[in-house]
Amino acid sequence: MARLHPRLHSALRHLPADRPAHLVTRHSVRELAKNGFADYRLPLTPEGITMAREWGARLERPVAAFYSSPVGRCVDTAEAMAEGAREAGLIERVPEVITDATLVEPGCYVEDINQIGPTFLKMGAMKFLNAHLKTPFEGMLSPAQGRAKLASYLREREPSPGALAVHVTHDTILAVLVAARMTMGFQFQSVASISPVLVEALAIDYAELGALIGFYMLPGVVIALPSGILGRRYGDANMVLAGLLAMGGGGLVMGFGETYAVVSVGRVMAGAGAVFLNVLMVKMVTDWFSGRQIVVAIAILISSWPLGIGLGLISFPAIATAWSWQMVMHVSAAVAFGSFLLLVWKYRRAPGARDRADEGVGIGLLGREWLLILLAGLVWGTFNVGLSLS
């Protein structure tokens, strides 16, 4: 079990005993790829099988079902975990592993691969994705329908209270990026979740509070376009790491600040770092995923934003009540620094990703594309203002 994160097992004990839970875990140790590409045929090593069996024995709660990507090493991992769970008395017998292609092939959004496949191959990943977000293709679910399908995937497989459902995947890179981007939504919510406390502590009115919330997004007006250029020059992952450091630093400034002005500076600093995550992580996902997996990978990444907001909404008021509003800011900073360490530890450059540092710098957007981008930004901004005023 040495290759599992040291806090992974202890984290299971913090799950509410009376609530259903899902565990999403990567397949166990596999054989090394000879050509640098880990194709689906690479099996688990004997060590990997033993490790998966031990992991299954340490789940500490009844397991309702084992789900898996159709990839062979994922299925083998799920089966070994089930054997370990049976030996530990968590289940009576080893159940059949249920393979599900919703999150693997042909992709959550795809309805007719024969209809949409040639269009994807012709346009390429990024052009296809951008075009689909503007006007959904025939044979594909719309973005809203795709998100609903992802949510229903977990709802339909929700175990009974106190039980666990295990899902084995083969994509840790996506999990790392989702966890890092979730930090952005988590920190964004640090002000809104404790609004009454901040109004009293900083002696401000709700108009100033609203400005403080908005300061997180304000740097994007200036930094969004340069962040892409900086990512090209210094590397996407390096700039995301810099962004996480800025988010952590901004959180610390807010936590140690005693006036509205200092807290505002920290908020802007954290928001500036978040811009790099927002812009560059989509590019990092497209470097790793291709073919029919890219749309669902993007959907999962984007879903990390509301998930982070939700976690902040339920945790920050309790932290402020138990300790102080400053502790809320320190926690958001700690999560950003933790995501930094996670990215350093687990992320690696995608095989075949181009080095773009020597390429010319240019935006290269057509007039129509500029118009659509500005229109989308206007609609999104108006929606958020209206939501805030309601």
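The numbers here are math on the coordinates, done by the rules we state, and not lab data. Keep in mind the model is a prediction, meaning the values are calculated, not measured. Methodologically, a virtual Cβ is constructed for each residue, glycine included, from the backbone with ideal geometry; neighbour enumeration extends over all protein chains shown.
So the values come out like this:
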item	result
Size descriptor, Kirkwood hydrodynamic radius, that averages inverse alpha-carbon separations across segment 173-357, Å	16.6 Å
Cα centre as origin, Lys/Arg/Asp/Glu Cβ charges: segment 173-357 dipole, Debye	960 debye
Segment 175-289 - percent relative contact order, Cα under 8 Å, separation 6 or more	31 percent
